[in-house]
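The values are calculated or read from the model by the stated rules, or taken from the named source; none is laboratory data. Just so you know, these numbers come straight off a predicted model, no measurement behind them. All Cβ positions, glycine included, derive from the backbone under ideal geometry; neighbour counts span all protein chains shown.
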């Protein structure tokens, strides 16, 4: 089975919610709710969620229209290899994250520490990609 969805990062907010940053593949086509045509490709989605933990299970709750998505890579068809290797750029993540935070009046906990971790991941990927060409 092909994996067409993965969580890139998750941040905690001071208001008790979490912000999930998710990468997924969408087949595109007509959106009958908005009458728009969606592109086929990889999307980056930023959504605030409330996770409630109980005895042996947890529930994830979202509010309608509280998040945002953006097509970050157009594709003609799904490729597991491309999906697994794709890393969204930091600027796009920050723009979407800041939009969701301001739209929902949320504040992150340990924001700077998490972004530093994300920068280290991007630097590691860039270094390994650069070294692979030699």
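Every residue in the stretch 49-81 that is without any contact (Cβ under 8 Å) to a residue 12 or more places away in the chain and surrounded by 13 or more Cβ atoms within 10 Å (Cβ to Cβ), please. Across the stretch 49-81, the qualifying residue is only 79.
Against the list (1) over 17 Å from the mean Cα position of the chain (by Cα); (2) loosely packed, with under 10 Cβ neighbours inside 10 Å; (3) not in a helix (DSSP H, G or I), the condition residue 15 fails is (2).
At least 3 residues that are more than 17 Å from residue 7 (Cα to Cα) in each: list the strands (runs of 3 or more DSSP E) lying fully within the stretch 25-91 that qualify.
On the way: elements: 29-31, 36-38, 41-53, 58-62, 68-74.
Hits in the stretch 25-91: 29-31, 36-38.
None of 94, 89 is out of contact with any strand residue (DSSP E or B) (no Cβ under 9 Å at 6 or more places or on another chain) and surrounded by 10 or more Cβ atoms within 10 Å (Cβ to Cβ) except 94. Looking across the stretch 92-123, the residues that are modelled with pLDDT under 90 and not in a helix (DSSP H, G or I) come down to 109, 110.
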